[in-house]
1. State the number of residues belonging to the stretch 29-56 that are surrounded by fewer than 17 Cβ atoms within 10 Å (Cβ to Cβ), of a type in the set (A, V, I, L, M) and under 21 Å from G134 (Cβ atoms).
2. Mind checking which residues of the stretch 130-164 are small (G, A, S) and part of a helix (DSSP H, G or I)?
3. Which residue out of I59, I63 is outside any helix (DSSP H, G or I), surrounded by fewer than 23 Cβ atoms within 10 Å (Cβ to Cβ), aliphatic (A, V, I, L, M) and in contact (Cβ under 8 Å) with a residue 40 or more places away in the chain?
4. Return the residues of the stretch 58-88 that are under 18 Å from N124 (Cα atoms), at pLDDT 95 or above and touching a Pro at 6+ places or on another chain (Cβ under 9 Å); say none if nothing qualifies.
5. Among what's in the stretch 24-56 and is in a loop (DSSP other than H, G, I, E, B) and of a type in the set (S, T, N, Q), pick the residue that is farthest from P88 (Cα to Cα).
6. Looking only at the stretch 3-27, which residues are without any contact (Cβ under 8 Å) to a residue 24 or more places away in the chain and charged (D, E, K, R)?
7. Which condition does T114 not pass, out of (1) closer than 16 Å to L26 by Cα; (2) at pLDDT 95 or above; (3) within 18 Å of the chain's Cα centre (by Cα), if it passes all the others?
8. Of the residues that sit in the stretch 54-110 and are on the phi > 0 side of the Ramachandran plot and small (G, A, S), which one is nearest to the chain's Cα centre (by Cα)?
Amino acid sequence: MEEPKVGIVMGSDSDWPLVQKACQTLDKFGVAYEKRVISAHRTPDAALEYSRTAEGRGIKVIIAAAGGAAHLGGVLAAGTVLPVIGIPVAGGALNGLDALYATVQMPGGVPVATVALGSAGPVNAALLAVQILGTADAALREKFREHKRELAEKVAAANARIQDA
């Protein structure tokens, strides 16, 4: 079995239905990953331990999905030099706005790339991880090029349908 290159961490197992979309996207590209439930607030030592040891386990990119206060991406980024991609999870009293702000408003020096709320977020997080990994992997970069061609073909087909309507 291939060594995981992407670490996917979610703050709660309730995030799993959304995070599965990231896993499915990585599967499409043949990128191995590991997945964990670790809370920035309920298990902060575990979160830091995970990020501190990720590089030694062969992880190249970390994806962090969290709702509410959503400090998971920042806590993981604090413990590693690896790129961290945050997925703000919608829900709660502010319907994800708090998660978005917590993920995107990182202090200088501790970057967390942030993707969209909703179902596009996990897909885009996985695609960004593929792009990052592709900088050192020509075959993966070519798979991403093919993905972009497929997107363009879908748009062209949609345009043709509209023109014929």
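The values are calculated or read from the model by the stated rules, or taken from the named source; none is laboratory data. The structure displayed is predicted, hence computed values, not measured ones. In this analysis, Cβ positions are derived from the backbone assuming ideal geometry, glycine residues included, and neighbour counts consider all displayed protein chains.
1. Counting residues in the stretch 29-56 that are surrounded by fewer than 17 Cβ atoms within 10 Å (Cβ to Cβ), of a type in the set (A, V, I, L, M) and under 21 Å from G134 (Cβ atoms) gives 1.
2. G134, A138, A139, A152, A156, A157, A158, A160
3. I59
4. Within the stretch 58-88, K60, V61, I62, I63, A65, A66, G73, P83, V84, I87 qualify.
5. Step by step, filter the stretch 24-56, then rank; the result is T43.
6. Listed by number, the list holds a single entry, D27.
7. (1)
8. Result: A70.
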